[in-house]
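Undergrad: Would you mind keeping the following structure in view while I ask a few things?
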2 protein chains.
Amino acid sequence: MPRYLERGVFTYDTPPKIESFAAVVGEKEGKGPLGDFFDKIVTDSHFGQKTWEQAESRFQLEAVSLAVRKAQLTKEDIDIICAGDLINQCTGSTYGLRQLEIPFLGLYGACSTMAEGLITASILADSGAAKRTAAVTSSHFSTAERQFRAPLSYGGQRTPTSQWTCTASGAVIVSAEKGEIAVTGGCIGRIADMDVTDITNMGAAMAPAAMDTLCRYFKTTGTSPADYDIIVTGDLGSVGSKLLGELMEKQGYDITQVHQDCGEMIYNIDEQDAHCGGSGCGCSASVLCGYYLPMLQKGAVKRLLFAATGALMSVMSVQQGESIPAISHLVELRRAE
Amino acid sequence: MPRYLERGVFTYDTPPKIESFAAVVGEKEGKGPLGDFFDKIVTDSHFGQKTWEQAESRFQLEAVSLAVRKAQLTKEDIDIICAGDLINQCTGSTYGLRQLEIPFLGLYGACSTMAEGLITASILADSGAAKRTAAVTSSHFSTAERQFRAPLSYGGQRTPTSQWTCTASGAVIVSAEKGEIAVTGGCIGRIADMDVTDITNMGAAMAPAAMDTLCRYFKTTGTSPADYDIIVTGDLGSVGSKLLGELMEKQGYDITQVHQDCGEMIYNIDEQDAHCGGSGCGCSASVLCGYYLPMLQKGAVKRLLFAATGALMSVMSVQQGESIPAISHLVELRRAE
């Protein structure tokens, strides 16, 4: 059972486990510095489908299927799947996973979805409502560009603070009993809105949400950055990461020694023309599943915080002059003892 | 703790409770046959805001605030809020609830969101991760029309099988201990896709999902329609409700004596020009919170199934020639003993 610490913050006495995981990414992500860590690199941006939206759905299906196969399970072994993505009405998930016939909980957390899914899947597995659950999310550069920005063929100029939406998916299977990585705690984010209106500077909009979540978790658990081997955010990019460091310092926490950001890591930012780094639900999901979970599994990392961040605006809310609310959900992961 | 029955299906030995609830609706809904049951009728479709989207957000905020006040609580008493809606990127919820600063779990279940929220909020409260949780959702005729169909000023003709998106919101507060209505079981839906492509006939697309969920719940709990005072669906409308009756009969279940549909009930269908009835996340949410939960609270109804249904397509998926996947989540509610 989770141990209640404060509103939205809890730890587990007997933590649920991560039994399996998989990351599937596109060509650009495969050519980045983490390329060797992903389970599969798909060089065709259409993934054999007619549309980019169908391709994104296929990325999710592939990530889940791989995670299931890696644990020598079948889809019937998964009781509940928690999924969401950035496409309007989350069709990346609903169309991608419909053929699996697994009981489905749709989530919307923008780029924080992997952490939200992990929290939800862990609580479901721990509660006894399910024996084994899965969490999955995805993003696709081309579906995001045309939905949130402009048609690709328009060839719009990118600003220096912009991030590049990753074509990627990550999937995790959670079990109450089996697995080498323990989900030892969680913090459900509060919506933070600091009146940022520049949709080409998501890092600035999301950094305050990450700060709020990290501070709440440190305070209620009585821990500090030094207690963790790595504190991972996804995906603040270089501008947002710098800002988070400054915001945390003002709160009395120095995270600079242990902080890493999935958005900064997935691309060779200069060589790959990624400006401030990667973004999209698939960025933190694929970096978690491809890079960090294997490190935890091997014991190379013992204790890690994964705080994924999401910007919760829509094209219409921006057109209506609204600011950009953001959220950050967090899970604590440890090598299971 | 939930008792695991089958994939996605569970009951509670010590069920979490519904401590409070509220329903806020628009003018048309207020003039319908259930008008006297809602907590608040807002005749201004803009609810004092500049845009319909902001109005929908205000409906959610109002429903949550009312539910909180009715239980003599403050917003600080709510540990986690589960919310979602139909607007792209669920901005009805994120913008509506951001000022509350309550830890926020974003959901996407289209018109099934109230049931998905109740399931999630109940499991969170029961698990011990939270003491008190809330679930809320909304829809607005004008935000849905312009997003999913055409600008209102275009004056498009409605087909006979179309449904009218309700301007409404419903909110529920769940507690592990306190409350007169017990959430005694739940069934997380599987995505059903019967190749329906007519987006003006959602009832036909969603009825198979409701059938799947109801049959799974009957089979695993060893119950039949006769065990329930009322089986509520939301929102199949008149075409979908008739179809569900036929589909259930083929499965060996006669639900006709106990079946009621929120979409059929919220309007005087002929007089109010509502064609097949109401729809939208706010339809089943407001009818549940305004009409059914008070009946359960008073003991006029002892045992009720609430199976909300959602169609999971987007404008783009339809433009790309895709069929309409649907889902139905279910909760069992009883007068707490």
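Undergrad: Hey, any hits in region A:315-336 for a residue that's surrounded by 24 or more Cβ atoms within 10 Å (Cβ to Cβ), on the phi > 0 side of the Ramachandran plot and modelled with pLDDT of 95 or more?
TA: no
Undergrad: For region B:255-272, give me each residue that is under 14 Å from the mean Cα position of the chain (by Cα) and among the hydrophobic types (A, V, I, L, M, F, W, C).
TA: Once the filter is applied, which keeps residues that are under 14 Å from the mean Cα position of the chain (by Cα) and among the hydrophobic types (A, V, I, L, M, F, W, C), region B:255-272 yields B:Cys262, B:Met265, B:Ile266.
Undergrad: Could you list, in sequence order, all residues of region B:304-317 that are more than 10 Å from every other protein chain (Cβ to nearest Cβ) and of a type in the set (Val, Ile, Thr)?
TA: B:Thr309
Undergrad: A further question follows. So how many residues does region A:226-278 have that are part of a strand (DSSP E or B) and modelled with pLDDT of 95 or more?
TA: The total comes to 8.
Undergrad: Just to be sure before I move on: is A:Val301 of a type in the set (Val, Ile, Thr), assigned by TED's automatic domain parsing to the domain that holds A:Tyr217 and part of a helix (DSSP H, G or I) in the structure I sent?
TA: Values: of a type in the set (Val, Ile, Thr): yes; assigned by TED's automatic domain parsing to the domain that holds A:Tyr217: yes; part of a helix (DSSP H, G or I): no.
No; evaluated as a whole, the condition is false for this residue.
Undergrad: Separate question: Please determine, by comparing only the residues of region A:1-26 that are in contact (Cβ under 8 Å) with a residue 40 or more places away in the chain and charged (D, E, K, R), which one is farthest from A:Ser57 (Cα to Cα).
TA: For region A:1-26, the residue satisfying everything is A:Glu6.
Undergrad: Which numbered condition in (1) in contact with a helix residue (DSSP H, G or I) (Cβ under 6 Å, 6 or more places away or on another chain); (2) farther than 19 Å from A:Asp39 by Cβ is the only one that A:Gly96 fails?
TA: Just one mismatch for A:Gly96, condition (2).
To keep it simple, each residue is scored yes or no on (1) touching a His at 6+ places or on another chain (Cβ under 9 Å); (2) at pLDDT below 95; (3) within 21 Å of A:Glu53 (Cβ to Cβ).
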residue: A:Asp85; (1), (2), (3): yes, no, yes
residue: A:Thr91; (1), (2), (3): no, no, yes
residue: A:Thr94; (1), (2), (3): no, no, yes
residue: A:Gly106; (1), (2), (3): no, no, yes
residue: A:Thr113; (1), (2), (3): yes, no, yes
residue: A:Ile119; (1), (2), (3): yes, no, no
residue: A:Ser122; (1), (2), (3): no, no, no
residue: A:Ala129; (1), (2), (3): no, no, no
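Undergrad: Just give me the residues in region B:178-195 being in a loop (DSSP other than H, G, I, E, B) and within 13 Å of another protein chain (Cβ to nearest Cβ), in sequence order. Step through it out loud before you land on a result.
TA: Going through region B:178-195, the residues in a loop (DSSP other than H, G, I, E, B) turn out to be B:178-180, B:188-191, B:193-195.
Matches in region B:178-195: B:Ile188, B:Gly189, B:Arg190, B:Ile191, B:Asp193, B:Met194, B:Asp195.
Undergrad: Tell me, yes or no, whether region A:297-313 has at least one residue that is among the β-branched types (Val, Ile, Thr), touching a Lys or Arg at 6+ places or on another chain (Cβ under 9 Å) and in contact (Cβ under 8 Å) with a residue 24 or more places away in the chain. Reasoning before the result, please.
TA: Of region A:297-313, the ones among the β-branched types (Val, Ile, Thr) are A:301, A:309.
Okay, now just the ones that are also touching a Lys or Arg at 6+ places or on another chain (Cβ under 9 Å), so A:301.
Of the ones still in play, those that are also in contact (Cβ under 8 Å) with a residue 24 or more places away in the chain are A:301.
Yes, region A:297-313 has at least one match.
Undergrad: Checking B:Asp212 against (1) outside any loop (DSSP other than H, G, I, E, B); (2) among the acidic types (Asp, Glu); (3) closer than 28 Å to B:Gln60 by Cα: exactly one of these is not met. Which one?
TA: (3)
Undergrad: For region A:1-64, which strands (runs of 3 or more DSSP E) that fit wholly inside it have 3 or more residues that are within 14 Å of another protein chain (Cβ to nearest Cβ)?
TA: Where strands (runs of 3 or more DSSP E) fall fully within region A:1-64 and carry at least 3 residues being within 14 Å of another protein chain (Cβ to nearest Cβ), they are A:2-6, A:9-12.
The values are calculated or read from the model by the stated rules, or taken from the named source; none is laboratory data. Keep in mind that what you see is a predicted model, and the values were worked out from it rather than measured. When we count neighbours, we look across all protein chains shown, and the Cβ atoms used for this are built from the backbone with ideal geometry, even at glycine.
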